[in-house]
Amino acid sequence: MLVAAAVCPAPPMLLPELATGAAAELGDARTACSDALSVLAASRPDLLVVVGACDPDHHGAYPQGARGTFRGFGAGAGADVRLGEGEEGPRLLPAPLAVGAWLLGRAGWGAAPLEGFGVAGPLDTARCLEAGRELAAREERVALLVMGDGSACRSLKAPGYLDERAAAFDAEAARALGAADLPALAALDAGLAAELQAAGRAPWQVLAGAAEGAGLEGRLLYEDAPYGVGYFVAAWS
């Protein structure tokens with residue numbers, strides 16, 4: 001059963017060494033992520049699963065010890081991360097899971113075994129919900145670290161340029177995440193999310209499936225759109 005969840009944004013620029021001169025702009029987001037992770041630790045889970053979007057070829061489970069890298073984002077040779085301690089495994093972590101691994105390493109996570117789960121970005125809502133139910137059934141006490149961004153169309157300089165629908169989409173996503181509103185998360189339109197480049201849609205719907213029957217309450221810890229991309233941090237317990 002799901003006992004806690006943290007929702008965090010997944011841009012590699014969350015790492016100060018990648019943001020360089022803009023590192024301070026995401027300082028509040030990093031602080032909020034740390035606060036959300038403390039809720040996970042306090043829940044004393046038997047298993048923590050890091051969930052993030054990926055392309056269909058990388059959908060599925062990643063074992064503890066899996067490696068991720070930020071070298072493709074301009075980082076040096078020291079910018080590899082591991083999802084806890086263990087054998088490396090054959091596949092590199094998708095970028096959102098690598099950011100999650102970095103957050104956990106930064107927090108000194110050692111409270112429970114770790115796994116990763118890459119959810120294919122185009123996965124339909126029903127299958128996302130079912131994947132979440134399966135994750136929640138893995139252990140008696142399961143926690144999720146859910147990595148995902150809102151729309152990438154909030155400004156003229158955003159990666160997806162300005163789309164007038166983006167602000168309303170993000171506002172509803174932020175409200176639902178802050179309220180742990182499972183029906184509202186399940187109702188997020190997958191087609192619209194794809195048009196707005198909202199990579200968090202599928203991971204958030206996995207969370208909605210995992211939280212069914214858990215009775216968790218949510219708190220929105222951070223909401224902003226630096227660089228024209230919606231970033232949210234929430235904690236459920």
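The values are calculated or read from the model by the stated rules, or taken from the named source; none is laboratory data. What you see is a predicted model, and the numbers here were worked out from it, not measured in a lab. Cβ: placed from backbone, ideal geometry, glycine included. Neighbour counts: every protein chain shown. Heavy atoms of the whole protein, side chains included, go into the accessibility calculation; ligands, DNA and RNA do not. Shrake-Rupley method; radii C 1.70, N 1.55, O 1.52, S 1.80 Å.
Tabulated data for the structure shown
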read-out	value
Cα-projected label distance for residue 38 with residue 175, points at 7 Å along beta-carbon direction, nm	3.0
More than 23 Å apart - percent of Cα-Cα pairs taken over the stretch 1-138	32
Mean ellipticity per residue at 222 nm, deg cm²/dmol - from DSSP H runs of n ≥ 4 across the chain, formula -39500 (n - 2.57)	-10000 deg cm²/dmol
Portion, in percent, of the accessible area of the stretch 192-237 that falls on carbon or sulfur, probe 1.4 Å	44
Using alpha carbons only: equivalent-ellipsoid semi-axes of the chain, gyration tensor based, whole Å	23, 22, 17
Contour excess over end-to-end distance, with Cα ends at residue 67 and residue 162 and 0.36 nm allotted per residue	30.7 nm
Percent of beta bridges antiparallel (DSSP, the chain, rounded to nearest 5)	45
14 Å beta-carbon shell around residue 15, net charge (K/R +1, D/E -1)	0
The chain: relative contact order in percent, alpha carbon pairs under 8 Å with at least 6 residues between	29
Stretch gain in nm, segment residue 87-residue 187, where the contour uses 0.36 nm per residue and the Cα spacing is subtracted	32.2 nm
Rounded to the nearest 20 debye, dipole of the stretch 181-237 from Cβ charges on Lys, Arg, Asp, Glu	100
Which of 123, 79, 1, positive extreme of dipole for the stretch 1-152 (C-beta unit charges)	79
Cα-based convex hull volume of the stretch 106-237 per residue, rounded to whole Å³	108
